[in-house]
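Right, one structure below, let's go through it.
The values are calculated or read from the model by the stated rules, or taken from the named source; none is laboratory data. In this text, all values refer to a predicted model and were calculated from it rather than measured experimentally. Positions of Cβ are generated from backbone atoms using ideal geometry, with glycine treated the same way; all protein chains shown enter the neighbour counts. The protein model used for the area step is the full one, side chains on, heavy atoms only, and it has no ligands, DNA or RNA in it. Shrake-Rupley method; radii C 1.70, N 1.55, O 1.52, S 1.80 Å.
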Amino acid sequence: MTREPGDLPRQITSSGGVSVRSLERRDGSIPRGRSRVPACCLATASTAETMASSEFTFTIKRTALDENYVPAENTRITTNFANLARGESRQENLRNTLRMIDNRFNSLAHWDNPRGDRYAVELQIVSVEMSVSPGEGVDVFPLIEILQTTITDNETGARIDGIVGNNFSSYVRDYDFSVVLPEHMKTHGRAPDDFGDLHGKLFRHFLTSSAYRDNFAKPPVICLSVSSNKTYHRTGNEHPVLGLEYENDAFSPTDQYFAKMGMKVRYFMPKGSVAPFAFYHIGDLTGDYTHLELVSTIATMETFQKIYRPEIYNANSPATEQYQPSLKYQDYSLTRIVYDREERSRLAVEQGRFVEERFIKPHRAVLDQWSPGFAA
């Protein structure tokens, strides 16, 4: 087995500007693995469609996320890294965030790294636009934004591909959670049966496109906070990089939503972290990615979560064997980075309405025709 520089043996112990277009599809089946996914959501994309694939095409654009980053006009203003890059402290925010990511990466990738400065992490924002061609003209809509990591080995000069995904930003997700769900809850007291179906199919359509295949070698991994409404317990399994594994007894709404995107979930608390993370993935999380790839995701998303949710991820004591996260927890520390969480929540509703008026309503007929034909 070929190992990259500094990679650990793979084992588990017990206790912008580049653009491409997509006009193709391929089988997006999910390999079997140990990760959990609701049985109702195991469906994956097939090659069958009832409408021409030219109806939807994808464009990928890249923007460096560095201390000079300025959000583009079509970037979701509630995107976490866009929130950091605004206001008087924006450059200091970005500089401190990137330094935290590098420091955390080196603390996790400690082997052959005695000074703790061997690696640096570069981040690119991957913006995905979807073009809708309903017969007259082309309407371009910003679909999702994710992050791609690249690792620089300062000792050898090598540049190592990291993981694509990490953060997940989606306009349609804003619409689902800020518009559809609250309105349906008022009259029915629960989520609609088809909640997240359209978003999941659009995401899986993108993953099976040539736009994705031509730009990324592996499926994405999304690393998010665990749910504050669920209780997690340790399994006794420990991974050399991902750390202590946790499970829960019931899927959270976010778990179910990502399952409709074709993604399974596992929960791990890396060494030195104080709470587990939810890793949404396709395939085998511990077998398909190298240790340095996984470290790049942990370092990036733990840094962001310390800023966004310090009550959970910058708490002054680590999660116990039985653990329920809480945003009301008071024993935590703040970073030096300015972040307006309340503003982000308010703006999510505005963005949800934007999606409704700009994308859902104008293209309702096209979406209603396409969605049933995206067969499982």
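For this structure, a couple of remarks:
- If the condition is being open to solvent by 10 Å² or more (accessible area, probe 1.4 Å) and not in a loop (DSSP other than H, G, I, E, B), then the stretch 267-301 contributes M269, E293.
- Of the residues examined, F168 is not one that is farther than 26 Å from R118 by Cβ and open to solvent by 30 Å² or more (accessible area, probe 1.4 Å).
- For the stretch 146-179, filtered to residues that are among the small types (G, A, S) and more than 20 Å from T303 (Cα to Cα), the residue that is farthest from the chain's Cα centre (by Cα) is G157.
- Exactly one residue out of P318, P362 is over 21 Å from the mean Cα position of the chain (by Cα) and under 24 Å from G200 (Cβ atoms): that is P362.
- Residue satisfying condition, being within 19 Å of the chain's Cα centre (by Cα) and modelled with pLDDT under 50, within set G28, G16, G33: G28
- Here is the figure for the stretch 302-341: residues that are open to solvent by 20 Å² or more (accessible area, probe 1.4 Å), of a type in the set (S, T, N, Q) and out of contact with any Asp or Glu (no Cβ under 9 Å at 6 or more places or on another chain) total 6.
- The stretch 111-127: number of residues that are within 24 Å of L224 (Cα to Cα), out of contact with any Phe, Trp or Tyr (no Cβ under 6 Å at 6 or more places or on another chain) and open to solvent by less than 60 Å² (accessible area, probe 1.4 Å): 5
- Of the strands (runs of 3 or more DSSP E) lying entirely inside the stretch 175-261, not one is found with 3 or more residues being of a type in the set (V, I, T) and open to solvent by less than 10 Å² (accessible area, probe 1.4 Å).
- Single unsatisfied condition, G87 versus (1) at pLDDT 95 or above; (2) not in a helix (DSSP H, G or I): (1)
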